[in-house]
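Below you'll find the structure, written out as structure tokens, and then a few comments.
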Amino acid sequence: MLKQVAEGVLIQQSEFCQTNTVVVQGRAGVLLIDHGILGSEMAALADDLRELDQPVVAVFSTHSHWDHLLWHDRLGAAPRYGTARRLRRQPCHRRPSRCRDGKRPLSA
């Protein structure tokens, strides 16, 4: 469940480690920052965003933890971004053959 913490800023707290997904609302849709871990929580996030009529237009990961590599199809195909340090730490960046589709999971 999304909780508003400021105008245009919502969070969803994961039951796993109490991590927060931050949702920043914009005119074209939302920016997701450090999205969740559990599939059920990402599905609930997709439901909440659908109810708000807010598509995901971009995703940003602030750090290189494994939990921010997961995704849910119902969140769409928005481009994903991270810092250069984050990209260097991903195995797909160093060895594309390790990725299912042979592509890096994030954009610089």
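A short reminder: the numbers here are calculations on the coordinates, not readings from a lab. Everything numeric here is computed off the predicted structure, so don't read it as measured data. Ideal geometry is used to build each Cβ from the backbone, glycine not excepted, and the neighbour counts take in all protein chains shown.
Data table
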{"item": "Sites residue 63 and residue 27 - FRET efficiency at Förster radius 35 Å, r taken between beta-carbons, to 0.05", "result": "0.80"}
{"item": "Phi to ³J(HN,Hα) by Karplus 6.51 cos²θ - 1.76 cosθ + 1.60 over segment 30-38, Hz, x for Gly, Pro", "result": "10, 9, 9, 10, 6, 4, x, 10, 6"}
{"item": "Ranking of 48, 73 by count of other Cβ atoms within 10 Å, fewest first", "result": "73, 48"}
{"item": "Spin-label proximity, residue 74 to segment 45-62 - amide N less than 13 Å from point 7 Å beyond Cα toward beta carbon", "result": "45-52"}
